[in-house]
Amino acid sequence: MARSTVLCRSVGIFLATCGFSFPVLAADLPVPVALAVPVDQSVPVGLRPLSQVLSPDSTPSPFQLRLQYTAETWQNNGGLQSGNDYMANYSATLSVDTEKAFGWTGGRFVASGFYADGPSLGANFVGAVQDPSAIDVFAPNVARLYQLYYDQAFSKSTDVRVGVMDLETEFGTTKPMAIFFNGAFSWNSALDASGAGGLNGPSTYPDTSLGIRVRQIINDELYVKVAVVNGMADQATNPLSNSVTLSSANGAFAIGEVDYTPIANTKIIAGYWMYTGLIQTQNEFGADGVLQQARGSDGGYVGAATRLWTIQGARGLDGFVNFGVSDPKFNDVDRSVNAGLTFTGLFASRPDDKFGFAAGYAHAGAPLQAIQLAQGNSITSYEQTFEVTYRAKLSDWLTVQPNVQYTIHPGYYGTLKNDFLVGLHFEIGHLFNL
């Protein structure tokens with residue numbers, strides 16, 4: 001899950017309610033706690049905490065509710081099969097500023113959930129390792145708790161989050177990545193694809209885990225963050241379940257990241273992650289012929305984003321690049337790289353619109369290739385994806401985003417045609433001050 005989001009992947013769906021990880025853009029705005037935390041640009045606006053969506057001149061209530069309908073319509077050619085698809089996501093997010101509501105300084109409570117409907121684009125049509133949509137749940141008719149957590153700022157430099165959370169909203173992302181739908185760009189694919197061998201991880205949309213995250217600001221240029229969550233995100237065998245199952249077999253998922261901002265509009269990130277639970281290996285069999293499980297799957301990533309050209313104010317060109325690695329003994333993706341460009345205000349008459357182009361590469365580890373070839377399956381060593389998109393906010397309640405994607409060797413399968421995908425993503429939502 002994906003390593004990888006975001007958005008996840010795609011756009012910021014109403015998942016704000018559920019804390020989804022889709023890519024939706026919004027200006028950096030302060031959170032209602034003492035800690036100066038940057039807005040998570042990897043999460044679609046609709047899925048972000050409500051306090052990060054408000055306009056600077058608004059007067060927020062202690063209690064805020066965001067309701068959103070996010071939908072995507074796609075025409076697919078190639079991959080598993082050609083055809084048309086329509087997916088929808090209904091989300092709701094409640095945010096409570098505890099200082100304004102109860103006089104509890106530095107606190108914030110967020111609860112979000114969603115209902116997703118429609119055939120899975122990835123599972124039924126594209127078949128790619130890197131998910132093409134930000135709202136795809138890979139199962140029809142799913143209702144789920146997305147996020148349920150409490151944030152507490154203990155000083156201007158320390159913030160702790162406890163509860164069910166989406167790690168893609170906190171780790172492995174930079175601002176220019178936020179516009180893209182494909183999982184290759186909303187996170188890094190090596191992380192996003194981890195945990196697939198039985199643990200359903202990592203904790204990101206649509207499957208999230210219970211845990212704790214600590215963020216510490218060192219100085220104006222440097223801050224660090226670490227999180228430890230339940231190793232099993234929801235239940236891999238039951239997509240309708242919202243359960244939290246703690247056990248030694250599931251173990252934990254831990255991740256840490258260092259963020260460095262040497263100059264304005266430039267960010268460098270480096271992270272490391274690991275699972276302590278039992279994960280199915282790619283090609284190690286027991287005497288009974290069943291794939292064995294083992295512990296110790298881990299990986300890491302580095303990335304950077306910077307402003308390349310400024311026209312005026314926020315208008316200009318930003319670029320990003322990310323590289324991720326993971327243990328090929330357990331994971332379908334042993335290394336990945338993505339890079340892209342995001343142009344804000346391409347047209348002077350629409351200074352807030354965003355145009356993006358990105359390319360992503362996911363490599364299949366040697367153990368995965370070996371077992372597939374031994375079973376007589378045709379497999380290639382890589383999957384490569386390109387995405388072009390344009391995001392326009394047409395009103396306070398409507399945002400539209402046309403999207404085009406092209407995937408070479410979807411799912412590593414040598415027998416599948418390259419996939420060409422054309423779609424339209426739109427969001428209808430409103431934020432209520434209660």
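The values are calculated or read from the model by the stated rules, or taken from the named source; none is laboratory data. Just so you know, these numbers come straight off a predicted model, no measurement behind them. A quick note on method: Cβ atoms are made from the backbone with ideal geometry, for glycine too, and the neighbour counts reach across all protein chains shown.
Report yes if Ala227 is within 18 Å of the chain's Cα centre (by Cα), hydrophobic (A, V, I, L, M, F, W, C), surrounded by 15 or more Cβ atoms within 10 Å (Cβ to Cβ) and closer than 25 Å to Val137 by Cβ, otherwise no. Step through it out loud before you land on a result.
Values: within 18 Å of the chain's Cα centre (by Cα): yes; hydrophobic (A, V, I, L, M, F, W, C): yes; surrounded by 15 or more Cβ atoms within 10 Å (Cβ to Cβ): yes; closer than 25 Å to Val137 by Cβ: yes.
Yes; evaluated as a whole, the condition is true for this residue.
Run Gly201 past the list (1) outside any loop (DSSP other than H, G, I, E, B); (2) touching a Ser or Thr at 6+ places or on another chain (Cβ under 7 Å) and report the number of the one that doesn't hold.
Checking Gly201 against (1) outside any loop (DSSP other than H, G, I, E, B); (2) touching a Ser or Thr at 6+ places or on another chain (Cβ under 7 Å), the one that fails is (1).
Find the residue count for the stretch 92-121, including only residues that are closer than 30 Å to Ser82 by Cα and over 18 Å from the mean Cα position of the chain (by Cα).
Going through the stretch 92-121, the residues closer than 30 Å to Ser82 by Cα turn out to be 114-121.
Checking which are over 18 Å from the mean Cα position of the chain (by Cα) leaves us with 117-119.
Qualifying residue count, the stretch 92-121: 3.
Would you be able to tell me the number of residues in the stretch 252-277 that are surrounded by 20 or more Cβ atoms within 10 Å (Cβ to Cβ) and assigned to a loop (DSSP other than H, G, I, E, B)?
1
Would you confirm whether any residue within the stretch 340-357 is out of contact with any Leu (no Cβ under 9 Å at 6 or more places or on another chain) and under 24 Å from Trp74 (Cα atoms)?
Checked against the condition, which is being out of contact with any Leu (no Cβ under 9 Å at 6 or more places or on another chain) and under 24 Å from Trp74 (Cα atoms), the stretch 340-357 yields at least one hit.
Name the residues in the stretch 412-434 that are in a loop (DSSP other than H, G, I, E, B) and touching a strand residue (DSSP E or B) at 6+ places or on another chain (Cβ under 8 Å), would you?
Hits for the stretch 412-434 are Gly414, Leu416, Leu434.
Does Asn242 satisfy the condition of being farther than 25 Å from Thr173 by Cα, in contact with a helix residue (DSSP H, G or I) (Cβ under 6 Å, 6 or more places away or on another chain) and not basic (Lys, Arg)? Working first, answer last.
Details: farther than 25 Å from Thr173 by Cα: yes; in contact with a helix residue (DSSP H, G or I) (Cβ under 6 Å, 6 or more places away or on another chain): no; not basic (Lys, Arg): yes.
It is false that Asn242 is farther than 25 Å from Thr173 by Cα, in contact with a helix residue (DSSP H, G or I) (Cβ under 6 Å, 6 or more places away or on another chain) and not basic (Lys, Arg).
Can you tell me which of (1) surrounded by fewer than 21 Cβ atoms within 10 Å (Cβ to Cβ); (2) touching a helix residue (DSSP H, G or I) at 6+ places or on another chain (Cβ under 8 Å) is the one Met177 doesn't meet?
Just one mismatch for Met177, condition (1).
What are the pairs with Cβ atoms under 8 angstrom where one residue, in the stretch 138-151, is within 16 Å of Val164 (Cα to Cα) and the other, located anywhere, is aromatic (Phe, Trp, Tyr) and surrounded by 22 or more Cβ atoms within 10 Å (Cβ to Cβ)? Sequence gap at least six, or different chains.
Ala143/Phe114; Arg144/Phe114; Tyr146/Phe20; Tyr146/Phe114; Tyr146/Tyr205
For the subset of the stretch 404-434 comprising residues that are among the hydrophobic types (A, V, I, L, M, F, W, C) and within 14 Å of Tyr382 (Cβ to Cβ), which member is modelled with the lowest pLDDT?
From the stretch 404-434, those among the hydrophobic types (A, V, I, L, M, F, W, C) are 404, 408, 416, 420-422, 424, 426, 428, 431-432, 434; that's our starting set.
After this cut, where a residue has to be within 14 Å of Tyr382 (Cβ to Cβ) as well, the list is 408, 416.
Numbers: Ile408: 97, Leu416: 92.
Per the stated criteria, the residue is Leu416.
If you scan the stretch 140-171, which residues turn out to be on the phi > 0 side of the Ramachandran plot and either crowded, with 24+ Cβ neighbours inside 10 Å or modelled with pLDDT under 95 (or both)? First the steps, then the outcome.
Restricting attention to the stretch 140-171, the residues satisfying the condition of being on the phi > 0 side of the Ramachandran plot are 141, 163.
Across the stretch 140-171, the qualifying residue is only Asn141.
So which strands (runs of 3 or more DSSP E) stay within the stretch 318-411 end to end and still have 2 or more residues that are of a type in the set (Phe, Trp, Tyr) and surrounded by 15 or more Cβ atoms within 10 Å (Cβ to Cβ)? Step through it out loud before you land on a result.
On the way: elements: 333-344, 354-364, 382-393, 398-408.
Fully inside the stretch 318-411 and qualifying: 354-364, 382-393.
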